[in-house]
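First up is the structure itself, then whatever we jot down about it.
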């Protein structure tokens, strides 16, 4: 069974009900000569909730619940949550249905909101009009069939769909048109026959998103797929179905060729970490140092990742921007011996890295000289390979002049990392050194 440990340590809930409205309603009923039939919960207004479009409790039904607020929301409305509920979970007894409205449901940006079907019910149905936008939400625990089902347009941003249809065949989401931006779909489906977890009958767009570790495959059952700087990999089956139209923008990665061949995709293991709380509103798959997804994105149009961490100009692929680069420290020894036999200078120093890496160091030695009234400069350069680790290791570079000769005296030495991997932060050092004749 696929599992994810939810966040803990949140404040207790508080219902935002106003006693005055209830008293007024009871007084009005007392004036009626006969008993009236039981009515539905009142529509939101200034006397029931301070903000009628903010969810004020985590109940499945009743005033202030998500279901209740959605039932009264108008098209174009954004539904938000009391900030006190950031990181909390709403467990449903039955599916929430959204019809004929273009609605946005937005969880808190810092910790998000989880909506769970409790393993027994679909989470959301969206029919007619749209688009329906889901932002900063984790959708999990959907029972048999897709956790989100609809016949319209759905946009999912900075959200995660995980752990759906674990006890029966089904998928995470099946709609007509779907766009995933900075979002993750992971650990959905019970077995290899569960069907593609991400399905859109007309058009499916993945923008800086990650679809991984799902049973039944990755993305499919669609007429058109657009991939931009996304990862679709490590799924139990084909990562992509065979749509009529495939548009690849930026750079995309898969561990098989079902989304495109090696001239169209990066075919490699993305080296994803487990689905975890890595900060931000919803769980993510971190990418590890050494991942081929780091700093290879092109046409990067998304400024932040799923956690709202800023992206580099050359973004990483998928929903997660790598934030643990290897740091390097380079030092140069202050004394440089010069061979009296061949005139070579030998520069030395140390290099230290926060994790094991292999790269080169480009070294240069420059010495201003003066003969009579004539000033000249001699310099030499070299590139040396180094193996770097958490303990300082020595490096040396022989500096050979093509013309002129080094002299006893002052010079300037510089060293700079080159040919590093994308996850290694460049480093350099410049230092004044003293040249001296070494013993023969």
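Summed over region 216-242, residues that are assigned to a strand (DSSP E or B) and either more than 22 Å from residue 315 (Cα to Cα) or outside the structural domain of residue 204 (by TED's automatic domain parsing) (or both) total 5. If you go through region 381-417 and pick out every residue that is closer than 24 Å to residue 329 by Cβ and surrounded by 12 or more Cβ atoms within 10 Å (Cβ to Cβ), you end up with 22.
The single condition from (1) buried (at least 19 other Cβ atoms within 10 Å of the Cβ); (2) out of contact with any strand residue (DSSP E or B) (no Cβ under 6 Å at 6 or more places or on another chain) that residue 284 fails is (2).
Restricting region 308-324 to residues that are surrounded by fewer than 22 Cβ atoms within 10 Å (Cβ to Cβ) and at pLDDT 95 or above leaves a set whose member that is nearest to residue 182 (Cα to Cα) is 308. Taken together, 71, 75 contain a single residue that is free of Cβ contacts under 8 Å to residues at least 12 places away in the same chain and farther than 26 Å from residue 230 by Cα, which is 71. For region 263-289, residues that are over 15 Å from the mean Cα position of the chain (by Cα) and either under 16 Å from residue 307 (Cα atoms) or assigned to a strand (DSSP E or B) (or both) total 2.
If you go through region 290-306, how many residues are under 11 Å from the mean Cα position of the chain (by Cα) and surrounded by fewer than 19 Cβ atoms within 10 Å (Cβ to Cβ)? Final tally of qualifying residues: 1. Only a single criterion out of (1) free of Cβ contacts under 8 Å to residues at least 12 places away in the same chain; (2) surrounded by 13 or more Cβ atoms within 10 Å (Cβ to Cβ) is not satisfied by residue 359, namely (1). Tell me, which strands (runs of 3 or more DSSP E) lie completely within region 98-153 with 1 or more residues that are surrounded by fewer than 20 Cβ atoms within 10 Å (Cβ to Cβ) and more than 23 Å from the chain's Cα centre (by Cα)? Correct list: 113-121, 124-127. The requirement of being at pLDDT below 95 and either in a loop (DSSP other than H, G, I, E, B) or under 16 Å from residue 183 (Cα atoms) (or both) is satisfied by residue 301.
The values are calculated or read from the model by the stated rules, or taken from the named source; none is laboratory data. Quantities reported herein were computed from a predicted structural model and do not represent experimental measurements. Note that each Cβ is placed from the backbone with ideal geometry, even for glycine, and that neighbours are counted across all protein chains shown.
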